[in-house]
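A quick write-up on the structure given underneath.
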Amino acid sequence: MTMDREQATALLRWYGEIGVDEAVTEGPVNRFAVRAPDPAPQAATASQPEAAPVQTQAPAPRPAAPAPIASNADVVAAAAAANSHDELMAAIHTFDGCPLKRTATTTCIYDGNPEARIMIIGEAPGRDEDVQGKPFVGAAGKLLDKMLAAIGLDRTNTYITNTLYWRPPGNRTPTPEEIALCLPFLERQVALIQPGLLVYTGGTAAKAMLNRTEGITRLRGRWFSLEREGRTAIPAIAMFHPAYLLRRPENKRHSWKDLLAIRAKVDELDLLQDATRQKP
């Protein structure tokens, strides 16, 4: 079977969408092919002396076993030990207890201004984010930039991160176990950034941070309060993820209402004027 250029391009694009974006051999390998058994060795006879042993190369050492999956207590301890934003970034980069890190290209934590009062939390890195190591840099990121610009915001006055820091294979939806494993790091991020406003883009971030079960259609446009022991409550709002809006542009009208509500809250709390703050 031969393919023309258009068919080949479509096939490569499909491979990328399902997470097959790197070749490891020069050609395909049929893992289902039946392998013929090796011939049995001939017994030595008196008239035929045994052949001299063949010198063979020493077997290659076995690769090191992957790091075990961390427990929630391990993550809580690692996150709590970070007393600054830089220390937390280092802790996340060196953390090997999440299985997603084994298949991801990079650790993708944040973009924007760590001094900002407005914190935006998305879902997980996609292919472009996995390559560049920054959240929201693909098509959805470009749409997010336009959405922020429409209300006078950009990456200099916002802090952007995700619920997970490693790309799930094929951009699949993160599992509850993966979200729960990374959540202590995200909670510590919020504690160290000390935002005056939280914006959850998509249901994964909203449900994880608010501990809710409703979908994003029911959560979006509503104001919540993120309350943690010993911390001032933070106003929070959920909105559609830009990637969803690319697939369902008819819902942009709802996001425009949410953006206007966000801008009104920013002005009400004067979040763009308080640029320098004392942080732990």
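Each value in this text was obtained by applying a stated rule to the coordinates, not by laboratory testing. Since we're looking at a predicted model, the values are computed, not measured. Virtual Cβ from ideal backbone geometry, glycine too; neighbours counted across all protein chains shown.
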Original post:
His93 to Lys252: extension gain in nm, 0.36 nm per residue of separation minus the Cα-Cα distance?
Top reply: 53.7 nm
**OP:** Could you go through region 110-116 in sequence order and give the Karplus-derived ³J(HN,Hα) for each residue, using 6.51 cos²θ - 1.76 cosθ + 1.60 with θ = phi - 60°, rounded to whole Hz, and x for Gly and Pro?
**Re:** 8, 9, x, 10, x, 8, 5
**OP:** Whole Å is fine, so just give me how far the alpha carbon centre of region 98-156 lies from that of region 174-234.
**Re:** 16 Å
**OP:** Give a quick list of trypsin sites (Lys or Arg not before Pro) in region 122-161 that DSSP marks as loop, anything other than H, G, I, E or B, with at most 13 other Cβ atoms within 10 Å.
**Re:** none
Original post:
Hey, could you pull the Cα Rg and Dmax for region 72-269, both in Å?
Top reply: 15.6, 45
**OP:** Kindly provide the pair-distance distribution of region 71-138 built from C-alpha pairs, with 5 Å bins from 0 and whole-percent values in order of increasing distance.
**Re:** 3, 15, 22, 25, 22, 11, 2
Subject >> Size-normalised alpha-carbon gyration radius of region 167-280, reference 2.2 N^0.38 Å >> reply: 1.14
Original post:
What is the fewest-to-most order of Asp258, Asp74, Asp270 by other Cβ atoms lying within 10 Å of their Cβ?
Top reply: Asp270, Asp74, Asp258
Original post:
Full extension from Ile151 to Ser71: what is 0.36 nm times the residue separation minus their Cα-Cα distance, to one decimal in nm?
Top reply: 24.7 nm
